[in-house]
Amino acid sequence: MIDTLYLLFSIYTLSNYQKKYGKVRFFPIYLMIGPIALGCALQLIFFGVSLIWVSLAVGMTSIYMSIQNEFSYLDALTGLYNRAYLFYKAESFSKHKEIGGIMIDVDYFKSINDTYGHSAGDNALIDVAKILTKTSRIMH
């Protein structure tokens, strides 16, 4: 019963994460379900030995580590992918001969920070990120 509740909670957490940040790219769901299923099976075989709590702990830890891995590739302010993600993807693309990219510069950004402060600059970056996300098929 408890393992089912944890499984439902993890699905709820994953769906909330997907709503907030879009498609989850690094979350292997089998890392969470695998230990729980194995713990349930072993507990049925070895009656009297409580393995479900250990398997739940391993499953929840793998969820946490996977979400932390996902966050390590996202900019905390804008929610866009950062330089670490660029290097991660560049490794996988290095097998291809032709690669293209786009570099974007926000005009007069320094003057926004200098005139209105860093909070206004942060809001400008957030607005730029929203525009990029809404107009790009790749970032969804």
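Where a number appears in this text, it was derived from the coordinates with a stated rule and is not lab data. These numbers were taken from a predicted model, which means no experiment stands behind them. Reconstructed Cβ throughout: ideal geometry from the backbone, glycine too, with neighbour counts over all protein chains shown.
Taking a ≥ b ≥ c as the square roots of the eigenvalues of the alpha carbon gyration tensor, the range 47-140 is oblate, as a/c is not under 1.5 and a/b does not beat b/c.
Taking a sphere under 15 Å around the Cβ of Ile112 and counting the other residues whose Cβ falls inside, with K and R at +1 and D and E at -1, yields a net charge of -4. The fewest-to-most ranking of Asp105, Asp114, Asp75 by surrounding Cβ atoms within 10 Å reads Asp105, Asp114, Asp75. Cβ crowding within 10 Å ranks Met32, Met60 as Met60, Met32, fewest other Cβ atoms first. Counted by Cβ distance under 15 Å from Ala124, the other residues give a net charge of -4, where Lys and Arg count +1 and Asp and Glu count -1.
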